[in-house]
Amino acid sequence: MNRRACKPFTFSDGTVIPSNAFVSVAADFIHRSGDHYTDPDKFDGFRFVDSEGDEREGHQLQIVTLGTNHMPFGNGRHACPGRFFAANELKAMLAHVLMSYDVKFETDDVGPFGERFGAGCLPKKSLKVMFRKRQI
């Protein structure tokens with residue numbers, strides 16, 4: 001999460017951010033921290049599913065919810081205003097793929113991620129994903 005200071009800002013510890021300076025939040029470190037997530041480097045498709053059934057807690061786990069421990073759309077007053085649209089588009093695309101195609105990796109012993117680049121995770125260039133149109 002990158003921001004540019006429009007005017008000088010002084011933190012409570014005396015640290016000064018001058019005007020026009022760029023400041024970044026280490027979102028990747030937060031997203032991969034054991035303080036926030038159990039086994040953060042392991043893929044868990046149900047990580048944000050509320051297993052206890054507490055509605056209040058489940059509401060805090062939505063992709064569009066803002067917080068300091070998960071920031072795919074930023075945080076605070078300047079969070080992405082299009083996050084609701086983006087989340088719905090991603091859900092619609094994923095639903096279409098899952099309903100229309102059988103999907104699998106070419107080999108079962110290969111994990112999907114290759115290089116890390118900044119806060120991103122790039123797929124392995126040699127990895128092949130196979131799609132087959134489902135027969136109705």
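Just so you know, all these numbers are worked out from the coordinates, no wet-lab data involved. Keep in mind that this is a model prediction, so the values were computed, not measured. Note: ideal-geometry Cβ built from the backbone for every residue, glycine included; neighbour counts use all protein chains shown.
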HN-Hα J in Hz across the range 28-44 - Karplus 6.51, -1.76, 1.60, θ = phi - 60°, x for Gly and Pro: 4, 4, 5, 5, 10, 8, x, 5, 9, 9, 6, 6, x, 8, 9, 5, 9
Separation of the Arg134 and Lys7 label points, Cα + 7 Å toward Cβ, nm: 5.6
Surface/4 of the Cα convex hull for the chain, nm²: 12.4
Cα-projected label distance for Asp41 with Asn88, points at 7 Å along beta-carbon direction, nm: 3.9
Sequence-separation-based contact order of the chain, relative, with Cα cut under 8 Å and 6+ spacing, percent: 15
Net lengthening on full extension, Lys124/Leu98 (0.36 nm per residue, minus Cα-Cα): 7.2 nm
Non-local Lys pairs in the chain, i.e. 8 or more apart or on different chains, that have alpha carbons under 21 Å apart: 10
The chain: angle of helix 83-100 to the longest principal axis, Cα-based, in degrees nearest 10: 10
Amide proton proximity set for Tyr101, modelled H, under 5 Å, gap of 5+: Arg134
Where labels lie 7 Å past Cα in the beta-carbon direction, separation of Asp108 and Val64 in nm: 3.9
Residue with peak Gaussian network fluctuation, the chain [Cα springs, cutoff 10 Å], from Gly67, Gly76, Gly14: Gly14
Cα-centre dipole for the chain with unit charges at Cβ (Lys and Arg positive, Asp and Glu negative), debye to 20: 800
